[in-house]
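Notes follow once the structure below has been shown.
Computed from the coordinates by the stated procedures, all read-outs in this text should not be read as laboratory data. Please read these numbers as outputs of a predicted model, since none were measured by experiment. Cβ atoms come from the backbone with ideal geometry, glycine included; neighbour counts cover every protein chain shown.
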Amino acid sequence: MSTQQQATSVTSAPREVQEFLRSAPAHLVGGTKRPSGSGEEIEVVDPSTGDVISHIARGRSEDVDAAVQAADSALRSSSWTKVSPATRESLMHRLATLIDENIETLAFLESLDNGMPLPLAHNLDIAGAADVLRYMAGWPTKIAGRTMAFESPFGNRVMGQTRREPVGVVGGIIPWNVPFMLAIWKVAPALAAGCTIVLKPAEDTSLTALFLGDLVLDAGFPPGVVNIVTGTGPEAGQPLIEHPLVSKVFFTGSTTTGIAVGRAAASHTKPVSLELGGKSPTIIFADADLEAAAAGAAEAIFLNSGQICVAGSRLYVQKKAYDDIVNRVASLASKHVLGNSLDPATTLGPVISRRHKERVDGYIDAAESDGAELISSHSIPEQGFFVAPTIVTGAEHGAAITQEEVFGPVLSVYPFDDETDVLQAANGTPYGLAATVWTSSLGHAEAMIDGLECGKVSVNSPGFPYPGLPEGGKKASGYGRDLGPESLDGYLHSKTVIFERS
């Protein structure tokens with residue numbers, strides 16, 4: 001490793017980070033930190049350098065079973081079930097405050113583990129997660145059912161009620177792209193609803209989830225309410241999905257894996273919520289503010305090196321503005337600085353792993369082989385897993401670069417004629433997660449909002465998540481929702497109560 005890389009590696013980490021990395025973080029089960037039953041571990045690799053920086057426990061079915069048993073015990077314990085809604089709110093606010101107090105450590109760990117630039121980890125991932133926690137903390141005292149009086153078919157007077165109860169022990173399985181934020185997206189509504197949870201973070205990025213476990217204990221949650229088991233999908237995720245005491249599974253990740261999760265849960269008649277992949281279109285009409293639109297299109301795909309489920313990986317530009325937008329976006333792409341995620345000069349970090357880099361490079365190479373043209377002006381750092389921001393023009397509609405989720409800083413661009421033309425193209429993939437429209441015409445905006453087959457449409461605005469608005473998709477992008485009241489609904493069960501009135 002070069003001297004410059006050393007200066008932006010673990011050796012430059014704050015004391016709290018170095019201590020945490022040295023501690024070989026273990027599972028959190030029933031309020032206790034414990035290693036895997038097998039004693040096995042998984043290497044933690046810094047994607048900026050390819051260096052091993054720590055280890056996590058390699059969980060298997062026995063570890064998952066212990067965590068689920070602890071969650072089930074907590075679910076039946078008066079220390080959680082008898083906690084008032086106001087107290088749940090207070091505990092959640094305390095946890096949000098602890099995140100604020102430890103935001104520098106969390107951001108450093110996230111940047112080191114995931115490869116996202118440090119400011120992005122601080123401002124979007126960690127701070128955004130705290131905002132979601134505070135939003136969900138407002139719900140426990142507002143969860144309520146309905147009451148009605150009516151006459152039964154037999155003539156007796158009846159009082160009917162609905163009760164909103166926690167679904168039970170839930171399993172949360174999250175990906176590696178914005179790990180801490182997505183951990184909170186599962187944990188916060190579970191806590192608000194009164195559930196208990198076993199969280200399985202991605203094996204590539206488990207550090208901040210494990211740090212969250214420490215904060216949960218510090219906040220005063222009863223043992224077993226939040227449990228965290230690290231490990232691979234087959235070895236830890238699968239047993240969590242299939243465990244008979246897990247009432248529902250909440251999964252965020254690729255569509256391919258989500259289909260497998262859904263099948264495994266269905267074999268146990270277990271409900272699931274699946275927030276899956278995307279191939280989100282950005283649509284720019286010629287009447288748009290082209291400077292703002294180009295900036296928005298570039299941000300939508302290059303943020304976090306394109307490793308965002310709602311990344312605007314397809315750009316459709318009305319023909320009159322096509323060349324202008326391509327030139328503007330290419331210019332913005334050329335200004336990115338590729339480098340170590342901890343370097344203040346870096347604006348585009350690595351992708352998550354060598355395997356993922358090879359996957360993304362494979363899509364770029366295939367597009368070029370098929371006759372598409374590439375625009376890319378960056379050299380790649382010698383160490384780490386970097387992919388240059390790349391613009392692809394001239395790709396066919398049926399090409400893999402158009403139809404499949406690349407999950408990297410790769411933007412394919414297509415011209416269009418009119419509303420009908422672009423709607424057919426934008427809806428012409430298996431996915432339906434999100435879309436962004438840039439136009440000064442209310443008519444264009446309304447036509448796109450009405451016609452786009454997706455879970456979210458942003459107009460003249462970046463499509464960032466907001467705690468009070470649901471996130472989720474249609475078609476191969478899954479079902480169920482994160483964030484907003486719709487997310488909380490997924491953690492609640494409706495029970496009908498009928499009794500005779502005097």
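Want the number for residue 76 to residue 453: 0.36 nm per residue separation, take away the alpha-carbon distance, what's left?
My answer for the length gained is 131.5 nm.
Counting other C-beta atoms within 10 Å, which of 283, 364 has the fewest, and how do the rest follow?
Taking fewest neighbouring Cβ atoms as first place, the list is 364, 283.
Determine the shape class of the range 265-350: with a ≥ b ≥ c the square roots of the Cα gyration tensor eigenvalues, call it rounded for a/c under 1.5, and otherwise prolate if a/b is greater than b/c, oblate otherwise.
Cα axes put the range 265-350 in the oblate bin.
Give me the percent relative contact order of the chain, please, defined on Cα pairs under 8 angstrom at least 6 residues apart.
So the answer I get is 18 percent.
With all distinct Cα pairs included, what does the Kirkwood hydrodynamic radius of the range 219-294 come out to in Å, to one decimal, could you say?
15.5
Tell me, 162, 11, 393 in order of fewest to most beta-carbon neighbours within 10 Å?
The fewest-first ordering by Cβ neighbours comes to 11, 162, 393.
If you fit an axis through the alpha-carbon atoms of helix 61-76 and take the longest principal axis of the Cα set of the chain, what angle between them do you get, 0 to 90°, nearest 10?
Helix 61-76 sits roughly 50 degrees off the main axis of the chain.
Normalise the Debye intensity by I(0) for the range 310-408, one equal point scatterer per Cα, no solvent, then take log10 at q = 0.14, 0.15, 0.17, 0.25 Å⁻¹ and round to two decimals.
-0.57, -0.65, -0.84, -1.51
Could you give the distance between the Cα centres of the range 143-160 and the range 458-502, to the whole Å?
First find each Cα centre; the distance between them is then 27 Å.
For the range 436-502, which trypsin sites (Lys or Arg not before Pro) are both in a DSSP coil and crowded by at most 16 other Cβ atoms within 10 Å?
Those satisfying the criteria are 501.
Rounded, prolate or oblate, given the Cα gyration tensor of the chain, with a/c below 1.5 counting as rounded?
Oblate.
By how many degrees, between 0 and 90 and to the nearest 10, does the Cα long axis of helix 442-451 differ from the longest principal axis of the chain?
60
For residue 287 and residue 397, what is the calculated FRET efficiency with R₀ set at 22 Å and r taken between the beta-carbons, to the nearest 0.05?
0.35
What whole number of Å gives the distance from the Cα centroid of the range 387-453 to the Cα centroid of the range 24-54?
40
Loop-only trypsin sites (Lys or Arg not before Pro) in the range 1-106, please: DSSP not H, G, I, E or B, and at most 15 other Cβ atoms within 10 Å.
Filter output for the range 1-106: 82.
Counting alpha carbon pairs within less than 8 Å and at least 6 residues apart, what relative contact order, in whole percent, applies to the range 18-142?
Across the range 18-142, relative contact order equals 22 percent.
For residue 355 and residue 335 in the same chain, what is the full-extension length gain: residue separation times 0.36 nm, less their Cα-Cα distance, in nm?
Going from the current span to full extension adds 4.6 nm.
Between their Cα atoms, which of 200/357; 82/142; 279/335; 475/495; 270/474 are more than 28 Å away from each other?
From the list (200/357; 82/142; 279/335; 475/495; 270/474), the Cα-Cα distance tops 28 Å for 475/495.
Could you work out how far helix 354-369 tilts from the main Cα principal axis of the chain, as a 0 to 90 degree angle to the nearest 10?
40
Please list, by residue number, every one of the trypsin sites (Lys or Arg not before Pro) in the range 312-354 that is coil in DSSP and has at most 14 other beta-carbon atoms within 10 Å.
Hits after loop and neighbour filter: 335.
Counting other beta carbons within 10 Å of each Cβ, put 337, 437 in order, fewest first.
337, 437
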